[in-house]
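Asks: Quick one: the structure is below, questions incoming.
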Protein chains: 2
Amino acid sequence: MENIVRHFDQYLSLNEEEREALTSRLTARKIKRRQFLLQEGDLCKHFTYVVEGCFKMYGVDKSGKEHNLLFAAEDDWIADLDSLHKERPSSLFIEAIEPCSVLQLSKGDLWYLYTNFPKFDRNFRVIVEDKYIELQNRLLQTFSSTAYERYAFFLAQYPQLSLRLPNTQIASYLGITPEFLSKIRNERTGK
Amino acid sequence: MENIVRHFDQYLSLNEEEREALTSRLTARKIKRRQFLLQEGDLCKHFTYVVEGCFKMYGVDKSGKEHNLLFAAEDDWIADLDSLHKERPSSLFIEAIEPCSVLQLSKGDLWYLYTNFPKFDRNFRVIVEDKYIELQNRLLQTFSSTAYERYAFFLAQYPQLSLRLPNTQIASYLGITPEFLSKIRNERTGK
DNA sequence: ACTTACCCTTAATCTAGTTTAAGACTATTT
DNA sequence: AAATAGTCTTAAACTAGATTAAGGGTAAGT
């Protein structure tokens, strides 16, 4: 709980009343490795704050291959906003890569906070804006650099994550096969 | 001006006071075809609402090729949020594809509205969330479908835009060359 | 400690999409 | 009305990255 309160201190920090409203509505859960927070076809019902561990959110194409959209580790938020807000079945999976502990807000609780404390509108606006910026940079990179460059950039941007994740997951995030990533890695160390 | 007021009616609609606060701060501008709203290296200083016409936002890779991140036409918002919020030089261009008329909010005015009328925090939160969802779907599609499928999807999703835009711009948006798009189009009509 | 399942690598073959080049068409500007 | 600049197409040669296959390594769960 301290984690999430400190998290909000980065934005407009919460007063006594807001903190109480938030913490009384959060549900703490432990998620095992390989357990799902969300599966294709489900309605996404929660906005999830990661206290510990790491999740991947991915889609599966018609040939059954997984494509990682993002990872969420400590102090990050994760949800399929499309499903959560538009109330339609998700086309995505959210799966624990490590044993995780999380704090969850239901859609109803989120709305309660938005309606009664404008600060949450503000803070979540900023949080979503930051995520939008990340996604925009990722899309631009996907179009304008080679797999080799994208891997180098991933290592530079997420050095800690790159050590925790199996290469097969990184490959899926970069939009390449594990075999090709292996080749790239080999060329790097060969220098 | 009526356009933008109607635009906000989709969300929490504005009362008299909010409407006045908004409209008194908007600056109307005409932008000619091929004129830039933003160039690489500039600071993005405005959030721009498109009343008429169409813009493209794109990045240029080191070999000089353009990669379209998005188009913004009537009733849409456009800005490089990264540059606007983080106050760093943009790596993007925003250029008019058609003669345009826009309404602009400066960063300071935006902040004034956020601070004095929480409804703007709410409405812009929802606007950015919708744009996040769009981008997330686009990224997933880029990873998990062929160029042929992405083109078909683009036609289905933006039928009106596809008629207004030259194919070379659509190709750049899909992440392929105009030559390859021409081939795809040829295969389609050949059926 | 065992074992099962995942993970990493290498290498040969293959393919979706790029590059280069060239010609015809079509807007926009003067 | 001419001229210039952007647009669309076709086709041949090429390349980044996929696929298939196979062997060895390493970590998780029992």
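The values are calculated or read from the model by the stated rules, or taken from the named source; none is laboratory data. Every value quoted in this text rests on a predicted model; they were computed, and no experiment measured them. Counting neighbours? That spans all protein chains shown, and the Cβs are built from the backbone with ideal geometry, glycine included. To get the accessible areas, we keep the full protein, side chains included, count just its heavy atoms, and leave off ligands, DNA and RNA. Shrake-Rupley method; radii C 1.70, N 1.55, O 1.52, S 1.80 Å.
Asks: Would segment A:62-81 turn up any residue that is within 15 Å of DNA strand D (Cβ to nearest atom) and touching an Asp or Glu at 6+ places or on another chain (Cβ under 8 Å)?
Replies: Yes - at least one qualifying residue is present in segment A:62-81.
Asks: Okay, next question. Output the residue which, of all residues in segment B:145-191 that are among the basic types (Lys, Arg) and more than 18 Å from A:Phe143 (Cβ to Cβ), is farthest from DNA strand D (Cβ to nearest atom).
Replies: Among them, the one singled out is B:Lys191.
Asks: If you scan segment B:1-28, which residues turn out to be open to solvent by 40 Å² or more (accessible area, probe 1.4 Å) and among the aromatic types (Phe, Trp, Tyr)?
Replies: Residue satisfying the conditions is B:Tyr11 alone.
Asks: Next question, about the same structure. Could you grab me the full set of residues in segment A:99-111 that are open to solvent by 40 Å² or more (accessible area, probe 1.4 Å) and more than 14 Å from chain B (Cβ to nearest Cβ)?
Replies: Once the filter is applied, which keeps residues that are open to solvent by 40 Å² or more (accessible area, probe 1.4 Å) and more than 14 Å from chain B (Cβ to nearest Cβ), segment A:99-111 yields A:Pro99, A:Gly108, A:Asp109.
Asks: Right, here's the next one. Has segment B:93-102 got at least one residue that is without any contact (Cβ under 8 Å) to a residue 60 or more places away in the chain and part of a strand (DSSP E or B)?
Replies: So far as segment B:93-102 goes, yes, one or more of its residues are without any contact (Cβ under 8 Å) to a residue 60 or more places away in the chain and part of a strand (DSSP E or B).
Asks: Inspect all residues belonging to segment B:51-69 and state whether any of them is in contact (Cβ under 8 Å) with a residue 24 or more places away in the chain and within 20 Å of B:Phe120 (Cα to Cα).
Replies: yes
Asks: Going through segment B:129-144 one residue at a time, which ones are at the interface with another protein chain (Cβ under 7 Å from one of its Cβ atoms) and within 16 Å of DNA strand D (Cβ to nearest atom)?
Replies: Within segment B:129-144, B:Leu139, B:Leu140, B:Thr142, B:Phe143, B:Ser144 meet the criteria.
Asks: Can you pull out the residues in segment A:83-98 that are more than 13 Å from every other protein chain (Cβ to nearest Cβ) and small (Gly, Ala, Ser)?
Replies: Within segment A:83-98, just A:Ala96 meets the criteria.
Asks: Does segment B:131-142 include one or more residues that are within 13 Å of DNA strand C (Cβ to nearest atom) and within 27 Å of A:Cys44 (Cβ to Cβ)?
Replies: Within segment B:131-142 (the criterion being within 13 Å of DNA strand C (Cβ to nearest atom) and within 27 Å of A:Cys44 (Cβ to Cβ)), the answer is yes, since at least one residue qualifies.
Asks: Right, next: Across segment B:112-122, what is the total count of residues that are in contact (Cβ under 8 Å) with a residue 40 or more places away in the chain and either within 23 Å of B:Leu69 (Cα to Cα) or at the interface with chain A (Cβ under 8 Å from one of its Cβ atoms) (or both)?
Replies: 1
Asks: Where the second residue is of a type in the set (Val, Ile, Thr) and open to solvent by 70 Å² or more (accessible area, probe 1.4 Å) and the first is more than 9 Å from DNA strand C (Cβ to nearest atom) and lies in segment A:171-190, which pairs have Cβ atoms under 7 Å and are six or more apart or on separate chains?
Replies: As it stands, the answer is none, since no pair meets every condition given.
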